Amino acid sequence: MLWKGSKVGPGSWHILKHNHVRLTDIHPQYASCADLFFPQPLCVRYTDLVRLSIYWKVHWEARHHVGQGGGKHPSLKVRRDAQTHLWRTGLALSIHPIQLPCSQNQMEGTLKHRFVLLIAAGILSVVVVLTGLYRTSQLDVPITQVKCSHCFVEEEPITRINNTKHLMVSAFRDHRLNREVRIIAIIYRNEGQNLHCIFCNSEQRCMSSLAHVSTHSDHFGFPYVTSDVLCKIPFDGATHVTISTSTSVVGLNNARFLSIHNPQKLTSFRYNFTVCISNLFGDYDNVLQFAQTLEVYKILGVDKVIIYNTSCGPDLEKLLQHYKEEGTLETVPWPIDKFLTPSSGWNFAEHHGDLHYYGQLATLNDCIYRNMYRSKYLLLNDIDEIITPYKHANLQLLMDDLQQFYPMAGVFLIENHIFPKTQFEDSGKFQLPQWKNVKGINILEHIYREPDRKDVYNPTKMIVNPRKVEQTSVHTTLKQFGDVVLVPFDVCHIVHVRVPLQWKLTKDELIIDKKLWDYEKELVPNVDRALKESGLS
């Protein structure tokens, strides 16, 4: 039992043993454990304990005082970061409140044990210094020059990391961090070996750096997860990097290296608006809707569209080729099915497979870093969605106003709203003969929008400043610099023509929304031209 009025501080006693730190409010006859690989428990004063370097960065505070009557134990809130790592050593400290009696004999023997404690503290300090030196050496390890004719060829969009189940996608200099490269990777969660980055320059001089793996919080239960592998750049002039399980040169000649993109931080951008679409797979052949979507985006001011393409139908392939030749579209090959069994759904329990939705999260994050210094803004949405301003003529005017109202924001969430493809407008004015034999949905025929449902959250997609995003998921960012703003529905929302969610609603219960008709005069002839030049009409 803890006694009323007991507290942590000078004069309180603690037991030290094994390898963990444990804190609690204590009475002189009770203690908490701090595991330091001692063969026998030691009873020491709090003032001695805090001198140990093992208490670096451990923060704690009293949560409430002892209750009346002496029957309640005071509790101690140990902050989450008390599950800390020793600076420079990486030794984990698990914090577990526990109460252990400290016998009178142990208290009386404290002076004798303090001598042992001081010796242990000295040994620990030496270990810390030596470990720090070792870790520091790992940041700058010269490696025999790599004579490898294929190491520095143009990399594949996905590369397996040697001797692991992990995959790496692309590498970028992150100028928001101090001399660090960020590698977009797909990490197998059940494999936990240490990783290293091997950096090389154009003369094939190579050095290694320890890797820190930051797995993204959204993996939806799948065994593979999108991750960032972060490494300090050990020398100036590094142009390529690969991930290895060791710093040894053995086997390095068989490694594939990634080019380090974004070598310079830019303040002017080639494009104002770029759309990132992920991912295209299966035999998707919704040609008409895709042509209409791209032409609407061009009217709204989009300069570039990027699609990650695993596979699609033959007619859509022709249309993609047309837009690539025009300069509007960039396709990134995404052969994820050659490496894993990707899921066509988002939930592992329901859809199974190795990786969420054909690696959608990896492609979205790659698109952000790929365009960090190419585009002022990115739109992150699916191939059948259009982020549509409702109070502005184009995206530029929309973002000018939003940034004026929210100057610290870098992420703008746009609500998704469903236009059921099962409901058609009555006049038939857009049942155009030249589109009759074109595959896909004619979005101009679907003007009925599902109403909001009480207490049902509308999913969002995003317009982002890529330089203010660190990690993203599908519907919102995971880590960002700056504020996140939910844009009001009446200012901007997504037009999403698809199967209904509220399938029981009749046409009279839906809301008429003809916003896309505002673009009719430009949209129809532009779609006609694209289809004709693609050989599809």
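The values are calculated or read from the model by the stated rules, or taken from the named source; none is laboratory data. Since the model is a prediction, treat every value here as computed from it, not as a measurement. Note that each Cβ is placed from the backbone with ideal geometry, even for glycine, and that neighbours are counted across all protein chains shown. Just so you know, the surface numbers come from the protein's heavy atoms only, side chains and all, with ligands and any DNA or RNA stripped out. Shrake-Rupley method; radii C 1.70, N 1.55, O 1.52, S 1.80 Å.
Can you give the convex hull volume per residue for the Cα atoms of region 289-398, as a whole number of Å³?
127
Whole-Hz Karplus values for region 358-363 come out as 6, x, 4, 5, 5, 5 Hz, taken residue by residue from phi with 6.51 cos²θ - 1.76 cosθ + 1.60 and θ = phi - 60°; glycine and proline positions read x.
For region 197-212, backbone phi angles converted through the Karplus equation (6.51, -1.76, 1.60; θ = phi - 60°) give residue-by-residue couplings of 9, 10, 9, 9, 9, 5, 8, 6, 7, 10, 9, 10, 8, 4, 9, 10 Hz, Gly and Pro being listed as x. Judged by the mean number of other Cβ atoms found within 10 Å, the most tightly packed of the peptides 315-327, 445-457 leads the ranking 315-327, 445-457. Across region 297-305, coupling constants 3J(HN,Hα) worked out from phi with the 6.51/-1.76/1.60 Karplus curve, θ = phi - 60°, read 4, 5, 4, 6, x, 6, 8, 8, 10 Hz, and Gly and Pro carry x. Here the alpha carbons of region 362-445 define both size measures, Rg and Dmax, at 17.3, 49 Å. Once the Kirkwood radius over Cα pairs is known for region 212-340, the Stokes-Einstein relation at 25 °C and 0.890 mPa s delivers a diffusion coefficient of 134 µm²/s. Eigenvalues of the alpha-carbon gyration tensor of region 418-535, scaled by 5 and square-rooted, set the equivalent ellipsoid semi-axes at 31, 22, 12 angstrom, largest first. A cut-off of 5 Å between modelled amide H atoms, ignoring neighbours fewer than 5 places along the same chain, links Thr388 with His493, Ile494, Val495. Counting protein heavy atoms only, region 465-537 has 53 percent of its accessible area on carbon and sulfur, 1.4 angstrom probe.
The Cα atoms of region 308-461 cover 49, 48, 42 Å along the three principal axes, with the biggest extent listed first. Can you compute the FRET efficiency between Lys514 and Leu397 using 1/(1 + (r/R0)^6), with r the Cβ-Cβ distance and R0 = 25 Å? Round to the nearest 0.05. Here the calculated transfer efficiency is 0.75.
Between Arg160 and Lys318, the simple label model (points 7 Å from Cα in the Cβ direction) yields a spacing of 3.8 nm.
Summarising the label geometry, the points placed 7 Å from Cα in the beta-carbon direction at Thr245 and Asp283 lie 4.1 nm from one another. For region 184-282, the Kirkwood radius over C-alpha pairs fed into Stokes-Einstein at 4 °C and 1.567 mPa s yields D = 82 µm² per second. Taking a sphere under 15 Å around the Cβ of Leu167 and counting the other residues whose Cβ falls inside, with K and R at +1 and D and E at -1, yields a net charge of -2. For the pairs Lys324/Lys521; Lys304/Lys439; Lys376/Lys454; Lys421/Lys468; Lys165/Lys318, flag any whose C-alpha to C-alpha distance is greater than 28 Å. In this structure, Lys376/Lys454; Lys421/Lys468; Lys165/Lys318 lie more than 28 Å apart at Cα. Amide H contacts under 5 Å for Val332: Ile307, Tyr308, Asn309, restricted to partners 5 or more places along the chain or on a different chain, H placed in the peptide plane at 1.01 Å from N.
Residues of region 324-366 with the amide nitrogen closer than 18 Å to a label point 7 Å from the Cα of Val499, along Cα-to-Cβ, please. What the label zone holds, given the 18 Å backbone N cut-off, is 343-348, 350-352, 357-358.
Close amide-amide hydrogen proximity is noted between Arg449 and Ile511, Ile512, Asp513, each under 5 Å apart and 5 or more residues distant or on a separate chain (H modeled in the peptide plane; Pro and chain starts excluded).
Between Trp346 and Asp452, the simple label model (points 7 Å from Cα in the Cβ direction) yields a spacing of 2.0 nm.
Computed from point charges on the beta carbon alone (+1 for Lys and Arg, -1 for Asp and Glu), the dipole magnitude for region 316-424 about its Cα centre is near 200 Debye. For region 269-330, the spherically averaged projection of the C-alpha convex hull amounts to 4.0 nm².
Considering all different alpha carbon pairs of region 494-537, the Kirkwood hydrodynamic radius works out to 13.3 Å.
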